[in-house]
Amino acid sequence: MRVNGKGLIDRSRPVSFTFDGTRLQGFAGDTVASALLANDIRLMARSFKYHRPRGVLSAGSEEPNALITVKRGSDAEPNVRATVQEIYEGLEVRSQNAWPSLGFDALGVNDLAAPFFSAGFYYKTFMWPRAFWERVYEPLIRRAAGLGGVSGTASAAEYEKAFAFCDLLVIGAGPAGLMAALEAGRAGVDVILADEDVQAGGRLLSETHGVEGLSGSDWAARAIAELASMENVRIMARTTVTGAYDQSTFGALERVSQHHAPSKDAPRACFWRIVAKRSILAAGALERPVAFQNNDRPGIMTASAVRSYLNRWGVAPGRNVVVFGNNDDAHRTAHDLRAAGVHVAALVDSRPDARVTGDFPVFTGAQVCGSTGRQGLEAVTIRTQSGTEKIATECLAMSGGWNPSVHLTCHMNGRPEWRDDIASFVPKGGAIPGMVTAGACNGAFSTHGALAEGQAAAMETLEALGKKGAKSDLPDAEDTPYRMSPLWAVGGTGRAWLDFQNDVTVKDVKQAAKENFRSVEHMKRYTTQGMATDQGKNSNVNALAILADVTGRGIPETGTTTFRPPYSPVPIAAMGAGAQGKGFAPERLTTSHHSTVKRKAPMIEAGMWYRPSYFPVPGESHWRQSCDREVNMVRDTVGVCDVSTLGKIDVQGPDAAAFLDFVYTNTFSTLKPGRVRYGLMLREDGTVMDDGTTARLSDTHYVMTTTTAAAGAVMRHLEFVHQCLRPELDVSMISVTEQWAQFAVAGPKSRELLNGLLDMLIDNDSFPFMACGPVSVGGVDARLFRISFSGEHAYEIAVPARYGASLFEALNEKAAALGGGPYGMEALNVLRIEKGFITHAEIHGRVTAFDIGMERMISAKKDCIGQTMAARPGLLGAEREQLVGLKPIGAVKQLTAGAHLFDPENPATREHSEGYVTSVGFSPTMGVFLGMGFLKNGRARHGQTVKLVDHMRGIETLCEVHGPVLHDPEGGKTRG
Amino acid sequence: MRLICPVCGERDRREFYYMGDAVALQRPEPDAGAAEWDDYVHLRENPAGVTRDLWQHEAGCAAWIVVRRNTVTHEVLESVLATDLKGASA
Amino acid sequence: MGLSCMIRKGVRPVVELLAKSPAEGLLPYAKGAVELSELALGKAASIAPFKGQLDAVEKALGQGFPKVGRTTGHVVWFSQGQYLAIAMDIPDALGKYAAITDQSDAWCALELKGAAAEDVLARLVPIDLRQSQFKRGHCARTQLGHMPLHITRTGNDAFRLLSFRSMAGTMVHEISRAMDLLAARR
């Protein structure tokens, strides 16, 4: 019911929205919760486990009950708190966890079966038969219990992630936070003031007492206006600081566009990483409910929530209201309601000595012990010294006292401390380095107390930042002492709710204790108390008190509640913002990419690079046809392949040669300028790290190539070796992978092709095998390397990347004229298998130089990385699996990498495995499948027969073992 | 988590590559013997408390640094350039 | 690194190679209060002075070298012990004192300009770019999303961004997406 003359809503701007299809009206400034209450709708949701009718408990982000789904289809967002969602024109709101309707929920029968759903019911009930768990029990439980559903379609909603930096992060813009931000802002430090609410002010927006003669909201508005005028202050509204992390880094979720209709590109929310030198936590406090029988009916809410609805949103949650509390603060609710003309049916204070005056019936030393009503509260039962009495009411405002919002101070393992006078936990100092706590979250519950603590926190922070703050006069504000006497649960037989969101009752906690789950951590897991999305904000302290009581311990001895990030739920979509689709990983494209795609080559990913699989020509319908043709092309005429993706590292300096001698197993100081050498690199543990060719351009200048996959790791390794092991060497490194577009030109006609392009001709004398040098093409300075990864007469030509696309076209045009063309990764792979060249399929991190037959490349004349450990026993010898070539005996459909090798006499079981296959391909040159793999004592077994078995793909065949090099073992073609 | 790069200043952890115990700086002589090499390559303490680890500011200036850090409190105590520790002249 | 046996073929090259810039055809792009465009870096070379040769390098080049994270004239700090000379002629003699490596084609250089440029970068770059901390001429090596980045503030609301040439497409995609999302805020 709307109350005239109350609230901060804009009554000149009506807003219409729908709730379960019914069109309703509210005003700008309303939340879904306040607008529903204004429309006399109290039933907003069904509970998680028992499907009990529920309404709002609170007026803030801690709301456990009123979870709704907003919008529709792929735009739908489930589990939105009705107390946080602002209404806008056309907003579609739907209730959750109810079928067929919120009013009649078929699964409401769960409530009748409640005795079976007590603490630990999952563990006790669904034990057997075991096969039923996955097929019967779990689907049933999942359907019955739960929150909102997902739409089932990919969400098109955008989210953002961002970084922010400041000197001081003030968390919370209530009186303490505003005061702290004002003082720090005036002192000139960079401040971020973050508050989860739309409007700054915190409780000031919900209370009738003012500050400095202004209403609370006006004072807050004035403070925000002053802060907004400061260039050094950044105000972040609708931003919940959700986590405190190492080195004063905070996570925060900003609701960017959830308060208006979805519009193109507008991110729903932004997840901030805020790095602050210092922080002030002014997170306020949350009022706790009281546990009594059936305390969960729609219409029963906290006393402070009732004041919020009345004073901030101009809504009375009922035509008559009963107020029930154990503290003076609750009295304010009765007074505010009365002053607004709402009927107060009774004020019930559990303290016999409570002093209350007011124009309404007052019961001291009394308790509300039960409630009745079908889908909403109709009456409460109160127990006084003289007996019980039933009072008709639509709303019960209850207050069990206040819990400081200590959550963030627990995020780095801090344990809050118990304070008897307020019967709650307060933060322990220093729990978060650089953080000061102030105001209600620190146990200072009056406005004056909050302002004073906010100011003091600012002064302490300024000093720590080395700044001088001028302490301003504190604004006048109420300083009412907080008088309370603990009341956790009202005795009785029925179910009294603690955790509303997970449907945990006082009885459940008692039962857990009875079954010896006495540790707070055990009780929590056994009952699921505090494990819902509200993390027990509304219930943990109460539950702890009950546990303490039944186990005969004090609350501090029983334990503390541990809060972990996030303070309130953060969508995974926000944390992963930008990481879907193209944002998942950068795409590295070679200069030939567009031409390659135009030639319809399917691309494969190699790390972040995109490389062509094969280049289909008309008439080819299968990749093998293209691959075979490309292999033959390279063997018969000439092929062109973009090899720019290989890592290229410029190594320069007076000690470049000595450095390479140390990182490579073989010697590079003896390499002549103008020559290239194959190099093998080990890890310090003796296994192979990478291989590649390195060219010596001058005495002090080398260019190293790495494999595509290991380029980054090799660069890191080189820097490690230089900086950490051999810093005395005068050498420097820089990647030139991106600088050069490099193409392999391979095949018997490769020189003919190049001589059709180069500005100067080359021949076998000027460019013998393993030569390198500068050339020019089209007037552009280029580098030419005579190296081969195919076993053919081949070159690699490199030009500055800006000319890469153009050179690729030119190379292909010339190649075509010679009967050649481009080739892709499939052909490249077959060519190197035929020639027995290794890739990271072979040097996969477990093989040694010995295993690949290269132990003689480890020079004994010098020390190098991995040399000592490579000589360890066990890394050499017949028991090692050694690199071999494999050729099937007889016709086979295919060989597969990953298959294992066995003695033909032995069964194909794990203990008989003698090796495995690493690479396979069909060799059109030899007309058979070829494989490479590792076989125990393989080098001594050439000519023998092994059994290749792939259990996964159902392949079994006999293979002949041979040396890895099948094509042109003498190397005549390469040198030709 | 944030680390201090002695060259670039305080940076987000995402810019750093983690290697492991700074013992990696003390590479034994080739003839130091199997036990010493085993120690160097394989054996590591795993203390709850102060550790001394090698990191590289890989996405930054490429400097390798030794970071003293408390794994219990998450405090970062000190960052030193590996080259400075090795006493090399710049 | 001369090669002995080269045969002149003719004066005129047989092919003409056309140059293509890293982000060709992708830019400029403007949204809200920000513009993204490609910069022609011109000749760029990394200079890493050999041990104890910084003075000699400075003398040979006739200019002082910047401190970490700073720019002096055409020379920007690039990495530990490494500088990038942009649009500058490097005398051959410098090779005696420093490792010189051509980087003219290695980087995609973009300019992000406009009142909200800093806000766009806050979506992608994990370092403190506040004007008070990162002033004109300041530069840093860091990341742009998952890409490597060298960033320089070239004006009150202008930045030069260098990342790998091969990542130009992703660079443009990520930045323009951040621009779109920022501009769509109310």
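The values are calculated or read from the model by the stated rules, or taken from the named source; none is laboratory data. Computed from a predicted model, the values in this text were never measured in an experiment. No Cβ is skipped: glycine too gets one built from the backbone with ideal geometry, and neighbour counts run over all protein chains shown.
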Subject >> Hits in region C:150-186 (condition: more than 11 Å from chain A (Cβ to nearest Cβ) and either of a type in the set (A, V, I, L, M) or without any contact (Cβ under 8 Å) to a residue 12 or more places away in the chain (or both)) >> reply: C:ILE151, C:ALA158, C:LEU161, C:ILE175
Original post:
With (1) in contact with a Leu (Cβ under 7 Å, 6 or more places away or on another chain); (2) under 30 Å from A:SER595 (Cβ atoms) as the list, and A:LYS887 as the residue in question, which single condition is left unmet?
Top reply: (2)
Original post:
Which number in (1) more than 11 Å from every other protein chain (Cβ to nearest Cβ); (2) over 19 Å from C:LYS67 (Cβ atoms); (3) assigned to a loop (DSSP other than H, G, I, E, B) marks the one condition that C:ARG136 misses?
Top reply: (2)
**OP:** Tell me which residues, restricted to region B:64-75, are out of contact with any helix residue (DSSP H, G or I) (no Cβ under 7 Å at 6 or more places or on another chain) and aliphatic (A, V, I, L, M).
**Re:** B:VAL67, B:VAL72
Original post:
When you look at A:SER248, is it within 22 Å of the chain's Cα centre (by Cα) and among the polar types (S, T, N, Q), yes or no?
Top reply: yes
**OP:** Tally the residues that are at pLDDT 95 or above, of a type outside the set (S, T, N, Q) and over 18 Å from A:GLU834 (Cα atoms), restricting the search to region A:888-909.
**Re:** 10
**OP:** Could you list, in sequence order, all residues of region C:42-76 that are surrounded by 18 or more Cβ atoms within 10 Å (Cβ to Cβ), touching a Cys at 6+ places or on another chain (Cβ under 9 Å) and hydrophobic (A, V, I, L, M, F, W, C)?
**Re:** C:VAL76
Original post:
Out of all the residues in region A:761-770, is one or more over 40 Å from the mean Cα position of the chain (by Cα), closer than 30 Å to A:ASP699 by Cα and among the small types (Gly, Ala, Ser)?
Top reply: yes
Original post:
Within region A:393-405, is even one residue surrounded by fewer than 22 Cβ atoms within 10 Å (Cβ to Cβ), aliphatic (A, V, I, L, M) and at pLDDT 95 or above?
Top reply: no
Original post:
Can you name the helices (runs of 4 or more DSSP H) wholly within region A:127-236 that have at least 2 residues being modelled with pLDDT under 95, of a type outside the set (Phe, Trp, Tyr) and over 30 Å from A:GLY5 (Cα atoms)?
Top reply: A:138-144
Subject >> Tally, over region A:911-931, of residues that are part of a loop (DSSP other than H, G, I, E, B) and modelled with pLDDT of 95 or more >> reply: 3
Subject >> Any strands (runs of 3 or more DSSP E) falling wholly within region A:237-310 and containing at least 2 residues that are more than 18 Å from A:ARG81 (Cβ to Cβ), within 12 Å of chain C (Cβ to nearest Cβ) and modelled with pLDDT of 95 or more >> reply: A:269-281
Subject >> Check on A:THR357, crowded, with 21+ Cβ neighbours inside 10 Å and among the polar types (S, T, N, Q) >> reply: no
Original post:
Considering only strands (runs of 3 or more DSSP E) fully contained in region A:322-403, which possess at least 2 residues that are of a type outside the set (S, T, N, Q) and without any contact (Cβ under 8 Å) to a residue 60 or more places away in the chain?
Top reply: A:343-349, A:362-364, A:379-384, A:387-392
Original post:
Within region C:91-112, can you find the residues that are within 17 Å of the chain's Cα centre (by Cα), away from chain A (no Cβ under 14 Å) and either buried (at least 21 other Cβ atoms within 10 Å of the Cβ) or under 21 Å from A:ALA656 (Cβ atoms) (or both)?
Top reply: C:LEU110, C:LEU112
**OP:** Kindly state which helices (runs of 4 or more DSSP H) lie completely within region A:499-612 and contain at least 2 residues that are touching a helix residue (DSSP H, G or I) at 6+ places or on another chain (Cβ under 8 Å).
**Re:** A:506-514, A:520-527, A:540-550, A:555-558, A:593-598
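Hey, among A:SER750, A:SER776, A:SER788, which residue is closer than 21 Å to A:ALA711 by Cβ, modelled with pLDDT of 95 or more and more than 7 Å from chain C (Cβ to nearest Cβ)? Quick ask: steps written out before the conclusion?
Numbers: A:SER750 fails: closer than 21 Å to A:ALA711 by Cβ; A:SER776 fails: closer than 21 Å to A:ALA711 by Cβ.
Only one candidate passes the filter, namely A:SER788.
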Original post:
Do we find that A:LEU36 is surrounded by 21 or more Cβ atoms within 10 Å (Cβ to Cβ), closer than 22 Å to A:TYR567 by Cβ, out of contact with any Cys (no Cβ under 9 Å at 6 or more places or on another chain) and not acidic (Asp, Glu) in this structure?
Top reply: no
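Per-residue answers, yes or no, for (1) modelled with pLDDT of 95 or more; (2) under 25 Å from A:GLU813 (Cβ atoms); (3) of a type outside the set (D, E, K, R):
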position	(1), (2), (3)
A:PHE720	yes, no, yes
A:PRO727	yes, no, yes
A:VAL731	yes, no, yes
A:VAL736	yes, no, yes
A:ALA741	yes, yes, yes
A:LEU754	yes, yes, yes
A:MET760	no, yes, yes
Original post:
Just wondering, is there one or more residues in region A:811-831 that are within 12 Å of another protein chain (Cβ to nearest Cβ) and crowded, with 23+ Cβ neighbours inside 10 Å?
Top reply: yes
Original post:
What single numbered condition from (1) under 34 Å from the mean Cα position of the chain (by Cα); (2) surrounded by fewer than 16 Cβ atoms within 10 Å (Cβ to Cβ); (3) of a type in the set (Gly, Ala, Ser) fails to hold for A:SER621?
Top reply: (1)
**OP:** Restrict the check to region B:46-62 and report whether at least one residue is surrounded by 13 or more Cβ atoms within 10 Å (Cβ to Cβ), over 12 Å from the mean Cα position of the chain (by Cα) and more than 14 Å from chain C (Cβ to nearest Cβ).
**Re:** yes
**OP:** For residues that are at pLDDT 95 or above and under 28 Å from B:THR71 (Cα atoms), tally how many sit in region A:419-430.
**Re:** 3
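Per-residue answers, yes or no, for (1) charged (D, E, K, R); (2) under 17 Å from A:ARG54 (Cα atoms); (3) over 35 Å from the mean Cα position of the chain (by Cα):
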{"position": "A:ASN4", "(1), (2), (3)": "no, no, yes"}
{"position": "A:LEU8", "(1), (2), (3)": "no, no, yes"}
{"position": "A:ARG11", "(1), (2), (3)": "yes, no, yes"}
{"position": "A:PHE19", "(1), (2), (3)": "no, yes, no"}
{"position": "A:ARG23", "(1), (2), (3)": "yes, no, yes"}
{"position": "A:PHE27", "(1), (2), (3)": "no, no, yes"}
{"position": "A:ASP40", "(1), (2), (3)": "yes, yes, yes"}
Original post:
How many residues does region A:404-420 contain that are hydrophobic (A, V, I, L, M, F, W, C) and either part of a strand (DSSP E or B) or within 14 Å of chain B (Cβ to nearest Cβ) (or both)?
Top reply: 2
**OP:** Answer with yes or no whether A:GLY492 is in contact with a Cys (Cβ under 7 Å, 6 or more places away or on another chain) and either of a type in the set (Lys, Arg) or under 27 Å from A:GLN367 (Cα atoms) (or both).
**Re:** yes
**OP:** Return a yes/no flag: does region B:20-40 have any residue that is part of a strand (DSSP E or B) and surrounded by 13 or more Cβ atoms within 10 Å (Cβ to Cβ).
**Re:** yes
Original post:
If you take the residues of region C:145-160 that are more than 13 Å from the chain's Cα centre (by Cα) and closer than 28 Å to A:TRP609 by Cα, which of them is surrounded by the most Cβ atoms within 10 Å (Cβ to Cβ)?
Top reply: C:GLY145
